[in-house]
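Here is the structure we will look at, set down as structure tokens.
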Amino acid sequence: MKHITCIEDLRLLHKRRVPKAFFDYADRGSYAEETLRANREDLQKIKFRQRILVDVSKRDLSTTILGEPSSLPLILAPVGLLGMQHGDGEIHACRAAQAAGIPFTQSTMSICSIEDIAGAVQKPFWFQLYVMKDRGFIKALIERAIAAKCSALVLTVDLQVIGQRHADIKNGMTVPPEWSLSKLIDFATKPAWVAGVLQGKRRTFGNIAGHVKNAENLDRLSQWTASQFDTTLNWKDVDWIRSIWPGKLIIKGILDVEDAELAAKTGAQALVVSNHGGRQLDGALSSIALLPKIADAVGSKMEVLFDGGVRSGQDVMRALALGAKACMIGRAYAYGLGAGGEAGVAKAIEIIRNELATTMGLCGVNTIGEIGKQVLAE
């Protein structure tokens, strides 16, 4: 990995090493991908004030997230199907995050189960929840997260209706993969990926498989999952979840000041300003465009986390300057996982850490707490 210098390098290596359907699942967005592009473009438009002759010899990137120490203001976001980017991908990503001293968030739609990860790592991790129609299953899932000592529950609220991702449909993206001639040819050129996935604990949705009868039947599992996304989900359901979950609650998918103010009234400890990485409502504003207003509205009541387009330490700095407490990355570490497993995830974290340290130094700040709007050019 010594020739990898940036997240884009990891992306290109991921693209070479992982079958097209799974690379595109991680890389692409919904519909015309307007919001996917806006997330990146709007971040890049934000410019810094370069400051000189400031003693920056004692830079410290450490912070706290939900009252827990973190070595830098970064969180590995929930990403579905990590175990199809690399065998046992969720375990490898969690280990890399914990070695780096930052939180990892497991997706409901992961390949490894909650118990698989809990049995393979040393410290608690966060669990992300999609609320499905089968509330008995959701209650049991929350109880499994409690039993696994997960340290925060990330409730994702922007997926009651699923945005169409054209690439997934064209690729026939399924878990586990359905065989076709084009896929066999693609897989044959990626023997290391095939070997890794075959050696992994699972090749289906680990958190769901034990609940759905005949879960080894791909069509049945896919039909059950597709039928479970709940269009009735509303604020009362947050109260119901809080009645079961005793720990820290984060609401992910806030993209509106009014919704942020409602989220603050739920008693949740944090929210994530997020448009689901440009994978849901295409034509929505970028996450960074809405971050300052949401941070101003509720930042004194709860922690405001940021998600959407972060590919560098500079992007982390931009979000912190506009009111975020910390940033989530999804694609950036998924690229690392596909490129090189646990070492690739560690490399993604290291790249962002080093870029953030450099950016802080050239903007004349020594601590995360010092970062504010004063580091940005007007």
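The values are calculated or read from the model by the stated rules, or taken from the named source; none is laboratory data. No experiment lies behind these values; they were computed from the predicted model shown. Note that each Cβ is placed from the backbone with ideal geometry, even for glycine, and that neighbours are counted across all protein chains shown.
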Checklist entry - For Phe22, which of the numbered conditions (1) more than 23 Å from Asp307 (Cα to Cα); (2) among the hydrophobic types (A, V, I, L, M, F, W, C); (3) modelled with pLDDT under 95 fails to hold? => result (1)
Item to check | One residue from Leu53, Leu74, Leu61 being among the hydrophobic types (A, V, I, L, M, F, W, C), buried (at least 24 other Cβ atoms within 10 Å of the Cβ) and under 25 Å from Cys363 (Cβ atoms) | outcome: Leu74
Next on the checklist: Can you tell me which of (1) touching a strand residue (DSSP E or B) at 6+ places or on another chain (Cβ under 9 Å); (2) not in a strand (DSSP E or B) is the one Asp55 doesn't meet?
Outcome noted: (1)
Checklist entry - Of all the residues that make up segment 345-366, how many are among the charged types (D, E, K, R) and either out of contact with any Gly (no Cβ under 8 Å at 6 or more places or on another chain) or without any contact (Cβ under 8 Å) to a residue 40 or more places away in the chain (or both)? => result 1
Checklist outcome for this item: Within segment 236-260, restricting to residues that are of a type in the set (Asp, Glu) and in a helix (DSSP H, G or I), the one that is nearest to Gln280 (Cα to Cα) is Asp259
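Going residue by residue through segment 18-35, is there one that turns out to be of a type in the set (Lys, Arg) and surrounded by fewer than 16 Cβ atoms within 10 Å (Cβ to Cβ)? Reasoning before the result, please.
As a first pass, look at segment 18-35 and keep what is of a type in the set (Lys, Arg): 20, 28.
So of that shortlist, the ones also surrounded by fewer than 16 Cβ atoms within 10 Å (Cβ to Cβ) come out as none.
The answer is no, given that none of the residues of segment 18-35 is of a type in the set (Lys, Arg) and surrounded by fewer than 16 Cβ atoms within 10 Å (Cβ to Cβ).
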Checklist outcome for this item: Taking segment 225-267 and keeping residues aliphatic (A, V, I, L, M), at pLDDT 95 or above and over 16 Å from Gln128 (Cα atoms) leaves Leu255, Val257, Ala260, Leu262, Ala263, Ala264
